[in-house]
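Engineer: Structure in structure tokens, see below.
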Amino acid sequence: MSSVSEVRPRRRIPSEQDLQSGLPAYDMLEIARPVDTKPEGCLLEAKQLFKAYRKNRHEVPVLKGCDFQARAGEMTAILGQSGSGKSTLLHLLGTLDAPDAGEIYFGGERIDNLSRRRRDQFRNSKLGMIFQFYHLLPEVTAFQNVLLPMMIQEGFWGYVRKRKQIHERSRCLLERVGLSHRLHHRPRELSGGEMQRAAIARALVASPALLLADEPTGNLDRATGNQILQLLRELNHESKLTIVMVTHDEQIAQRCDATIRLADGRIQAEG
Amino acid sequence: MYRWLLCWRYLRTRYIALASVVSVMLGVATLIIVNSVMDGFTTEMQERMHGILSDVVIETHSANGMPNHPVFEEKIRKIAGDDLVGLTTVVHVPAMVAIDHRGENITRQINLIGIDMDSYADVSDFSKYLLHPENREQISFALRESGYAPDREQFPESGWVHRRRMAQFKKRMREMQRQLELEQERNTRLREEIDQAAQAAVSGHGLVSAPAAEPSEELAADHGLAFPETPEQFASPVASESTTDALADTDGPSVNALATRPEDVARVFDAEQEQHAGIVLGISIGSTRYRNEVGDVTDYYYVQPGDDVQVTFPSAGSMPTALNEYFTVVDFYESKMSEYDATFAFVDIGVLQQFRGMQDAVSSIQLKLREGADLNAVRDRLRAEFPPEMMLQVNTWRDLQGALLAAVQMETTILNILLFLIIAVAGFGILATFFMIVVEKTKDIGILKSLGASGAGVASIFLGYGVLLGAFGAGVGAVAGLVFVANINSIAGALEAVTGQEVFDPTVYYFETIPTIVHPAMVVWVTLGAIMIAVMASVLPSIRAARMHPVEALRYE
Ligand SMILES: Nc1ncnc2c1ncn2[C@@H]1O[C@H](COP(=O)(O)OP(=O)(O)O)[C@@H](O)[C@H]1O
Ligand SMILES: [Mg+2]
């Protein structure tokens, strides 16, 4: 845990509550928004998910009755071979795609059958997502990338009104992930690790309760990957941020609180 | 907010998209230029036509005209009421003018119009188009001393100065010719006498010597009629008792023309001192416009104020006969409407009535209505008063030029449609470019959706992009078009200098410069139309972006 103190600048990050109440920002424990976790601390739960892709009348079943649970404040790893359907499952959990059958609950509320509008809102404010290929917008700076979710959330006038706080929070978050010196660089001027840090800051700017990560270290060398993992770990510890991380790497999975193995479209065993 | 940010970013980083609006730009610019020039031409033309034709014309089909026109005038005044500001009567007949130029006759078909000097100016811009500055003030059919067209350098010295010079020249020529002929006459007579003497000698009779002397005496006395083909001599029967005093007398010509008393017949018309009835010729009748060796536009005058022309026109009555009369050109008329300039010739109405033997009958009554009066309403009221069986036709100037105005209108409409099609084609260019941009931005769209952006939000990025591009293209096009229109004449000049090709040929158009009128509403409509097309072209790609599945978009590498 020695590297923790290295990357941790002690600055307060204004949370969503700050933005709304206008109260002075408190400690960065408040990165994540506390959510009601009804069935004994279970934040995210999926029951009997089925998903198949249709390709030229050929049905390719990927998930065949997959169950899933992630406990609040824990870091859960989804482990599986390439092509086993991990990303598919994560997209379903993040409401980017709808399952053919099955149910998904977030904080006790069903989310897979929400209206398109509600799902957009859910992704925007309750959920942060990071990806293997970072998926930053190439046209705008790291800082502007981090601003995006708030811009989407607030609309034009809301953004204009809260501009100062939003900028302050974004800057603090970028500082927290260790990118204070790269605020106004475009993604292509950043290294892979830096891009992933920017992506993490962007995922957290709207104070979500849940972070979904799809092989966040898959495109990074081991050392950088470890730094990213370390960062996620810290965020999880500090603010009880629930993290669901997809990986095919056993070593990484071991550093998580819980591991779920995905094979043949089903959960195999829990560790 | 992100929409504006990204829209702006895409605009800044994709200058190639600007290429797709170049055609919008050009289309808008062309539309504005074409419309301004067409409007300029049409307005100029209409103004001239309107000015020349007066507002409402009541015309008779009868060749003898309407003898009872004072009654009609009374009625018209009553019907038109306050709307009427001017009324004049006109006689017009088809005619032919013959111009003597270096011994050759140039004949032109004309429209001979008899006008009332005092009231004609009330209804028509006629005098505005005359060349002599004093005639512009108050038209007179008396020849002016000189000073025609002071604003053009090329115009030859005209008026009495020219007339006297020509008359003296002709007189000298005639004298020389007469000498020559007398000589010849003497020779022939001598020969005849010799022949007769020889015959007499042969036959033995000596009676013929006395009568042979007579012809020579006759010829000497009758010198005034020696060459009937010269205008002055031929016209002398019509010429009057007018003397040098008539020069100062403005209504002299009409008096001249009417005087046909028998005792005048013998009088010799002195071209140096007298004029025939005055005629104002359309400038194209008496001149031709060409390009000299240097390439400048030059007018060549076959006839000029001060010269005489012969006009042939029908008499009134049931069996019209051709009348031949001499007139003295007293001015040119240049309305710059080539049709009018090539056919109109004006004389005093009294002179024409007298020549044609139609007493004071007139062919038409022309009305000038007050500014803003409803011409069609007045026309309809008059039509109700003068039914067809009276053989009277009531028309507004627009009715008279209806075919031409409609043709111009049609032309403008077709041009507008064609040019708008160009912008529509540009719209397809934008469509294609936008589709490519949407495909290129597939990943970004997926990212935005994963961050919670709605389909509508994503679509509005591309729609806004289209609006901005369209507005940019249309705006630049509009400015370019307006700048072009403002400098159209210098641009035409520059093009001429570069290509050596006349862009705007004054020998054809009679305008020195290209007339333009910019209607702000037209500019606004064209610009808005172009923006609309750009927006419509970006709708399809935007919908595609909105429908894009976020997962598909994110998997896209
Ligand atoms: N859009 C799609 N159309 C058809 N097949 C797909 C599609 N997306 C994923 N698949 C298939 O589904 C399976 C699971 O994919 P994915 O969830 O990306 O696996 P992982 O992330 O575990 O590597 C793979 O066999 C893949 O080929
Ligand atoms: Mg995957």
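The values are calculated or read from the model by the stated rules, or taken from the named source; none is laboratory data. Only a predicted model underlies this, so the values are computations on that prediction, with no experimental measurement involved. Glycine gets a Cβ as well: all are built from the backbone with ideal geometry, and neighbour counts include every protein chain shown. When the accessible area is computed, the model is the full protein with side chains, heavy atoms only, and any ligands, DNA or RNA have been set aside. Shrake-Rupley method; radii C 1.70, N 1.55, O 1.52, S 1.80 Å.
Engineer: If A:L190 satisfies all but one of (1) in contact with a helix residue (DSSP H, G or I) (Cβ under 7 Å, 6 or more places away or on another chain); (2) of a type in the set (A, V, I, L, M); (3) surrounded by 23 or more Cβ atoms within 10 Å (Cβ to Cβ); (4) more than 14 Å from chain B (Cβ to nearest Cβ), what's the number of the condition it fails?
Structural biologist: (3)
Engineer: Which number in (1) out of contact with any Lys or Arg (no Cβ under 6 Å at 6 or more places or on another chain); (2) assigned by TED's automatic domain parsing to the domain that holds B:N135 marks the one condition that B:M337 misses?
Structural biologist: (1)
Engineer: Looking at B:R186, B:R178, B:R152, B:R164 in this structure, which one is under 30 Å from B:Y300 (Cα atoms) and in a helix (DSSP H, G or I)? So that I can check it myself, show each step before the final result.
Structural biologist: Working: B:R186 fails: under 30 Å from B:Y300 (Cα atoms); B:R178 fails: under 30 Å from B:Y300 (Cα atoms); B:R152 fails: in a helix (DSSP H, G or I).
Result: B:R164 is the single residue among B:R186, B:R178, B:R152, B:R164 that is under 30 Å from B:Y300 (Cα atoms) and in a helix (DSSP H, G or I).
Engineer: Let me ask something additional. List the residue pairs whose Cβ atoms are under 9 Å apart, where the first residue sits in the stretch B:189-212 and is open to solvent by less than 100 Å² (accessible area, probe 1.4 Å) and in a helix (DSSP H, G or I), the second is at pLDDT 65 or above and of a type outside the set (K, R), and the two are 6 or more positions apart or on different chains.
Structural biologist: From residues that are open to solvent by less than 100 Å² (accessible area, probe 1.4 Å) and in a helix (DSSP H, G or I), the pairs are B:A212/B:E192; B:A212/B:E193; B:A212/B:Q196.
Engineer: A further question on this structure: Within the stretch B:36-56, how many residues are of a type in the set (A, V, I, L, M, F, W, C), open to solvent by 10 Å² or more (accessible area, probe 1.4 Å) and modelled with pLDDT of 85 or more?
Structural biologist: Applying the first criterion (of a type in the set (A, V, I, L, M, F, W, C)) to the stretch B:36-56 yields B:37-38, B:41, B:45, B:49, B:52-53, B:56.
Narrowing the set further to residues that are open to solvent by 10 Å² or more (accessible area, probe 1.4 Å) leaves B:37-38, B:41, B:45, B:53.
Now narrow it down to the ones that are modelled with pLDDT of 85 or more: B:37-38.
Residues that pass the stated criteria total 2.
Every residue, every condition in (1) in contact (Cβ under 8 Å) with a residue 24 or more places away in the chain; (2) farther than 16 Å from A:F131 by Cβ, yes or no:
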| residue | (1), (2) |
| --- | --- |
| A:R176 | yes, yes |
| A:P208 | yes, no |
| A:A213 | yes, no |
| A:N219 | yes, no |
| A:L232 | yes, no |
| A:Q251 | no, yes |
| A:A263 | yes, yes |
| A:R266 | yes, yes |
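Engineer: Let me ask something else. Please go through the stretch B:2-33 and pick out each residue that is hydroxyl-bearing (S, T, Y) and surrounded by fewer than 19 Cβ atoms within 10 Å (Cβ to Cβ). Before the answer, list the steps.
Structural biologist: Within the stretch B:2-33, the subset hydroxyl-bearing (S, T, Y) is B:2, B:10, B:13, B:15, B:20, B:23, B:30.
Listed by number, the residues that qualify are B:T13, B:Y15.
Engineer: Something else about it: Which residue out of A:R202, A:R169, A:R222, A:R163 is open to solvent by 10 Å² or more (accessible area, probe 1.4 Å) and either within 14 Å of another protein chain (Cβ to nearest Cβ) or over 19 Å from A:M245 (Cβ atoms) (or both)? Outline the logic, then answer.
Structural biologist: Working: A:R202 fails: open to solvent by 10 Å² or more (accessible area, probe 1.4 Å); A:R169 fails: open to solvent by 10 Å² or more (accessible area, probe 1.4 Å); A:R222 fails: either within 14 Å of another protein chain (Cβ to nearest Cβ) or over 19 Å from A:M245 (Cβ atoms) (or both).
Residue meeting the stated conditions: A:R163.
Engineer: State the number of residues belonging to the stretch A:85-103 that are open to solvent by 20 Å² or more (accessible area, probe 1.4 Å) and small (G, A, S).
Structural biologist: Here the count works out to 4.
Engineer: May I ask you to list pairs of residues, at least six apart or on different chains, whose Cβ atoms are under 9 Å apart, with the first in the stretch A:74-98 being farther than 20 Å from B:I447 by Cα and the second being hydroxyl-bearing (S, T, Y) and within 12 Å of ligand 1 (Cβ to nearest atom)?
Structural biologist: Cβ pairs passing all conditions: A:A77/A:T247; A:I78/A:T247; A:L79/A:T247; A:G80/A:T247.
Engineer: Within the stretch B:501-511, can one find any residue that is modelled with pLDDT of 90 or more, open to solvent by 40 Å² or more (accessible area, probe 1.4 Å), closer than 24 Å to B:V28 by Cβ and more than 16 Å from ligand 2 (Cβ to nearest atom)?
Structural biologist: Initially, the stretch B:501-511 is screened for residues modelled with pLDDT of 90 or more, giving none.
No: the stretch B:501-511 contains no residue that is modelled with pLDDT of 90 or more, open to solvent by 40 Å² or more (accessible area, probe 1.4 Å), closer than 24 Å to B:V28 by Cβ and more than 16 Å from ligand 2 (Cβ to nearest atom).
Engineer: Here's a follow-up. I'd like the full set of residues that are hydroxyl-bearing (S, T, Y), within 19 Å of A:P208 (Cβ to Cβ) and either away from ligand 2 (no atom under 16 Å from the Cβ) or at pLDDT 90 or above (or both), limited to the stretch A:98-140. Step through it out loud before you land on a result.
Structural biologist: Within the stretch A:98-140, the subset hydroxyl-bearing (S, T, Y) is A:105, A:115, A:125, A:134.
The next check asks that each one be within 19 Å of A:P208 (Cβ to Cβ); those that pass are A:105, A:125, A:134.
Within the stretch A:98-140, A:Y105, A:S125 meet the criteria.
Engineer: Tally time: how many residues in the stretch A:55-84 are under 22 Å from A:S125 (Cα atoms) and open to solvent by 10 Å² or more (accessible area, probe 1.4 Å)?
Structural biologist: Final tally of qualifying residues: 5.
Engineer: Of these, A:Q132, A:Q121, A:Q81, which one is within 13 Å of ligand 1 (Cβ to nearest atom) and within 14 Å of chain B (Cβ to nearest Cβ)? Quick ask: steps written out before the conclusion?
Structural biologist: Values: A:Q121 fails: within 13 Å of ligand 1 (Cβ to nearest atom); A:Q81 fails: within 14 Å of chain B (Cβ to nearest Cβ).
The conditions single out A:Q132.
Engineer: Are any residues in the stretch B:511-557 within 16 Å of ligand 1 (Cβ to nearest atom) and part of a helix (DSSP H, G or I), and if so, which ones? Break it down stepwise before answering.
Structural biologist: Restricting attention to the stretch B:511-557, the residues satisfying the condition of being within 16 Å of ligand 1 (Cβ to nearest atom) are B:547-557.
B:R547, B:P550, B:V551, B:E552, B:A553, B:L554, B:R555, listed by residue number.
Engineer: Also, I was wondering about something else. Taking the stated definitions as given, is A:T95 under 18 Å from the mean Cα position of the chain (by Cα), of a type in the set (S, T, Y) and more than 13 Å from ligand 2 (Cβ to nearest atom)? Give the derivation first.
Structural biologist: Numbers: under 18 Å from the mean Cα position of the chain (by Cα): yes; of a type in the set (S, T, Y): yes; more than 13 Å from ligand 2 (Cβ to nearest atom): yes.
In short, yes.
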